[in-house]
Amino acid sequence: MATGVDQAVGMGLVLFSLALFSYYSVWVVVLPFMDGDHMLQQYFLPREYSVILPGIAAVVLLLMIGAFTAAVVWMNHKPKKVD
């Protein structure tokens, strides 16, 4: 059973993910069809970053998964017995 703190942290993560998804969706889907001098354009980074930032995040995620896998394999490694 989840405690109140667990539920609050979970709800915070869900809300953060929803905000990030909404921001990125507007940035990638809506802004290319708006004029360059529109007021909404000032709240977003240049479009080049819409490809660069997720690419960097993917590389960091893959590195973290690889490091975790290497650590688990290294910790569970049993030395061979020498007779």
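Quick notes on this structure:
- Neighbour net charge for Gly36 - beta-carbon separation under 15 angstrom, K R +1, D E -1: -2
- Helix 49-75 vs. the chain, principal-axis angle (Cα, 0 to 90°, nearest 10): 10 degrees
- Surface share of carbon and sulfur [accessible, 1.4 angstrom probe, percent] for the range 1-52: 72 percent
- For the chain, the per residue solvent-accessible surface stands at 91 Å², with DNA, RNA and ligands left out and a 1.4 Å probe.
- Note on Asp35 and Ala58: with the Förster distance fixed at 41 Å, the Cβ-Cβ geometry gives a FRET efficiency of about 0.85.
- Extended-chain gain in nm, criterion 0.36 nm per residue less alpha-carbon gap, Ser22 and Tyr43: 6.2 nm
- Think of each Lys and Arg Cβ as +1 and each Asp and Glu Cβ as -1; about the Cα centre, that makes the dipole of the chain roughly 560 debye.
The values are calculated or read from the model by the stated rules, or taken from the named source; none is laboratory data. What you see is a predicted model; the values in this text were computed from it and never measured. Here the Cβ is made from the backbone with ideal geometry for all residues, glycine too, and neighbour counts use every protein chain on show. With ligands, DNA and RNA removed, areas are computed over all heavy atoms of the protein, side chains included. Shrake-Rupley method; radii C 1.70, N 1.55, O 1.52, S 1.80 Å.
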